[in-house]
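Enquirer: Got a structure here, written out as C-alpha cells. Questions coming.
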Amino acid sequence: MDCAVFRESLSAALDGEPGPVPEAEVERHLGGCSACRAWQEQAARLRRSMVRQAPAVPDLTAAILATAPPPAREKWAARVALALVGLVQSGLGFAEFLVPGDGHAGHTGALPAIHLSNESAAWNLALGIGLLWAALRPRAAGAQLPLFGGFALVLGVVSAVDLSDGEVGAGRLLTHGFLVVGIVLMVLVHREHRRRPAPAPVSADALDNGDDVRLPEHDAPASLAPVRPRFPRRPAGRHRAA
C-alpha cells in the first residue's frame, strides 16, 4: 500500500479522527518504514507548535450581572392619560351625533348645517379613535403626530379668526383643549417608546433550555426575465466605427 494512505491515517489520528487504514496496519507499517516514522514525528512537532491551549479566563458573569443596571420599567401614566383623553374625545364625537349643534349655522352656505355638524362629529370621533390607538400601540404614536399636529395648527388659526369675529363661543373652544392635551401626551408616549431598548432577537429562555433557534427562511430570488433581442439587427459588417 502507498505511504500516502498511511500518512493520511497518521494525520487523522493526530486530529483524533479515524483514518482510511485500521490502526493495527498503521502500526505494522510504521515498524518497517522509517520515512513514515520521520513524517509522523515532524507532523506531531508542527501540530504542537501551532495548536496551543487557550489561557484560562475567569467567569465574570455574576460580577457583570451584579453591576449591570436593571432594565427600565415601562411608564404607564402617559399611556393611561392618553387613553382617557381619547375616550373623552370620542365621547364628544358621539355627543355631536346624538345632539347636533348649531355651531355651524353661520358657515352653511350651500350645505345644510346638519351635514357640517356630522362632519365635525366624525372628525372628533376619528381623533378619539386615533388617540386610543396610540395609547394601545405606542409605536403608532409617532406616525400619527404629523396628522394630529397639522389638524391642531389649522384648527387653532381658524378658531382664532372665528373668535375675533365673534362667530364662536368660548365653550366651543374649550372642547378643543382635549385635542391639545392629547397631542402633548402622544409626544410623551412616543418619546418613552423610543427610549426603551429594542427586544433581543433571541430570548434567553430559548438559549438556556437548549432549544434550537431557527433563522427565518428567505425565499429564493425570482429569476430575471430573459432579455429578448431587438429585431431586426444590422449585420456586424455594416456597423460604422466611431
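Enquirer: Could you give each residue of segment 190-195 its phi-based ³J(HN,Hα) in whole Hz, using Karplus coefficients 6.51, -1.76, 1.60 with θ = phi - 60°, and x for Gly or Pro?
Expert: 5, 5, 5, 5, 6, 6
Enquirer: With each pseudo-label sitting 7 Å past Cα toward Cβ, what's the Ala54-Ala12 distance in nm, one decimal?
Expert: With each label placed 7 Å out from Cα toward Cβ, I get 2.8 nm.
Enquirer: Through the Karplus equation 6.51 cos²θ - 1.76 cosθ + 1.60, θ set to phi - 60°, convert the phi angles of segment 15-30 into ³J(HN,Hα) values in whole Hz; use x for Gly and Pro.
Expert: 8, x, 10, x, x, x, 10, x, 4, 5, 5, 5, 5, 5, 5, 5
Enquirer: DSSP loop (so not H, G, I, E, B), at most 15 other Cβ within 10 Å: list which trypsin sites (Lys or Arg not before Pro) in segment 36-92 pass both filters.
Expert: Loop-located and lightly packed - Arg52, Arg73, Lys75.
Enquirer: Solvent-accessible area of His193, probe 1.4 Å, all protein chains present, reported in Å² to the nearest ten, please.
Expert: 70 Å²
Enquirer: If R0 is 51 Å, what FRET efficiency do you get for Thr61 and Ser164 from their C-beta distance, rounded to 0.05?
Expert: The value I calculate is 0.15.
Enquirer: If you take every residue apart from Ala135 with its C-beta less than 14 Å away from the C-beta of Ala135, what net charge results, scoring Lys and Arg +1 and Asp and Glu -1?
Expert: Spelling it out: positives minus negatives among the neighbours equals +2.
Enquirer: If Glu192, Glu119, Glu23 are ordered by their accessible area, calculated over protein heavy atoms with a 1.4 Å probe, which sequence runs from highest to lowest? Intermediate results must be reported in sequence, preceding the final value.
Expert: Details: Glu192 35, Glu119 85, Glu23 140 Å².
Solvent-accessible surface, decreasing: Glu23, Glu119, Glu192.
Enquirer: Can I ask one more? Report the full-extension gain for the segment Leu136 to Ala43: residue separation times 0.36 nm, less the Cα-Cα distance, to one decimal in nm.
Expert: Full extension from Leu136 to Ala43 adds 26.8 nm.
Enquirer: Need the C-alpha centroid separation for segment 124-188 versus segment 1-61, integer Å.
Expert: 78 Å
Enquirer: Would you work out if segment 121-190 is rounded, prolate or oblate? Take a ≥ b ≥ c from the square roots of the eigenvalues of the alpha-carbon gyration tensor; rounded if a/c is under 1.5, else prolate when a/b is larger than b/c, oblate otherwise.
Expert: prolate
Enquirer: At R0 = 25 Å, how high is the FRET efficiency between Ile129 and Val157 if r is their beta carbon distance? Nearest 0.05 is fine. Don't jump to the answer; show the numbers that get you there.
Expert: On the way: r = 24 Å, r/R0 = 0.98.
Rounded to the nearest 0.05, the efficiency is 0.55.
Enquirer: At a 1.4 Å probe radius, which order do Thr61, Thr175 fall into by accessible area, largest first?
Expert: Descending accessible area places them as Thr61, Thr175.
The values are calculated or read from the model by the stated rules, or taken from the named source; none is laboratory data. Computed from a prediction, not measured in an experiment: that's the story for all the values here. No Cβ is skipped: glycine too gets one built from the backbone with ideal geometry, and neighbour counts run over all protein chains shown. These area figures cover heavy atoms from the full protein model, side chains too; ligands, DNA and RNA do not enter into them. Shrake-Rupley method; radii C 1.70, N 1.55, O 1.52, S 1.80 Å.
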